[in-house]
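Worksheet: the structure to be examined is printed underneath.
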Amino acid sequence: MSYWDHRKPVHRTRAVDTDEIGRTAAALLDEGGLRALTVRAVAGRLNVAPASLYSRVSSVDDLFDLGLDHALGADPAMRHAVDTCELTDLMLAYHAHLTRHGWACPVIGMRAPRGPHYLRLSERMIALLDELGAPDPLSAAYTLASFTLGSALTQPMAPSERAAPVDAEIARRYARLHAEHPVDTDAVFRSGLTALTGTALTRDDTDGAGHGGARQRPR
């Protein structure tokens, strides 16, 4: 259950503002990652008692929701992309956003985003895919979002992939290609995005796709 499923009513005239909570949560996550975000840490930044924070949120999970959505809404490149960009540039902007905020991918892996900024992003993706003629725009959006999340999540390990040797006795082809490959993460992402978009515009996964995954058809 996300924060937006059980928002608490405001009973105090000086209750902590949820926008401030989201801004503070995002700042803590940017500074220290997932472990840095606690109710006590947010309360300390806002100069309030933890009990005051609980008048607006139920747990640290709500802080993750608010921080995640705030980070997206506060990103001017993402605001521009959602408002004006076509599909490829929208996904490139989203990938760059997730790379800048490395904690966002694990949070999305734990909690489906339902804040207003993420809903606008999802709506834009689905609308663009629908306009392009995708037979199943929602499954297509799930597919592209999952690929973008996975690419952003693994991008920080690209230098290690380049530097770590491959044992040619075990993986001969991998070792040969690895030695020749530049490991250009941006180029790999663009190539994969192009391929997946093309597939999404021709494949209909409505007969059993679960949250973006296509059902395997009998061969």
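The table that follows gives values for the structure above.
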| quantity | calculated |
| --- | --- |
| Hey, residue 112 free of Cβ contacts under 8 Å to residues at least 40 places away in the same chain, small (Gly, Ala, Ser) and not in a helix (DSSP H, G or I) or not | no |
| Test for residue 30: is it under 30 Å from residue 131 (Cβ atoms), outside any loop (DSSP other than H, G, I, E, B), among the charged types (D, E, K, R) and at pLDDT 95 or above | no |
| Matching residues, region 165-198, being out of contact with any helix residue (DSSP H, G or I) (no Cβ under 8 Å at 6 or more places or on another chain), modelled with pLDDT of 90 or more and open to solvent by less than 70 Å² (accessible area, probe 1.4 Å) | 171, 175, 195, 198 |
| Near pairs, Cβ below 7 angstrom, 6+ apart or cross-chain, from region 42-63 (under 23 Å from residue 113 (Cβ atoms)) to any residue that is assigned to a helix (DSSP H, G or I) and of a type in the set (Gly, Ala, Ser) | 42/25; 53/43; 63/25 |
| Number of the condition not met by residue 78 [criteria: (1) over 15 Å from residue 146 (Cα atoms); (2) not in a helix (DSSP H, G or I)] | (2) |
| Condition broken by residue 107, with the remaining ones in (1) surrounded by 19 or more Cβ atoms within 10 Å (Cβ to Cβ); (2) under 17 Å from residue 192 (Cα atoms); (3) not charged (D, E, K, R) satisfied | (2) |
| Out of 12, 23, 35, sole residue that is modelled with pLDDT under 95 and either basic (Lys, Arg) or open to solvent by 100 Å² or more (accessible area, probe 1.4 Å) (or both) | 12 |
| Residue that is surrounded by the most Cβ atoms within 10 Å (Cβ to Cβ) [pool: residues in region 139-164 that are touching a residue at least 24 places away in the same chain (Cβ under 8 Å) and of a type in the set (A, V, I, L, M)] | 140 |
| Residue in region 199-212 that is at pLDDT 85 or above and not hydroxyl-bearing (Ser, Thr, Tyr) present | yes |
| Residue satisfying condition, being among the small types (Gly, Ala, Ser), assigned to a helix (DSSP H, G or I) and within 16 Å of the chain's Cα centre (by Cα), within set 51, 41, 96 | 96 |
| Any hit, region 113-125, residues being surrounded by 15 or more Cβ atoms within 10 Å (Cβ to Cβ), more than 18 Å from the chain's Cα centre (by Cα) and among the hydrophobic types (A, V, I, L, M, F, W, C) | no |
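The values are calculated or read from the model by the stated rules, or taken from the named source; none is laboratory data. Note that this is a predicted model, so its numbers are computed, not measured. Every residue, glycine as well, gets a Cβ built from its backbone with ideal geometry; the counts of neighbours run over all protein chains shown. The accessibility values were calculated without ligands, DNA or RNA, using every heavy atom of the protein model including side chains. Shrake-Rupley method; radii C 1.70, N 1.55, O 1.52, S 1.80 Å.
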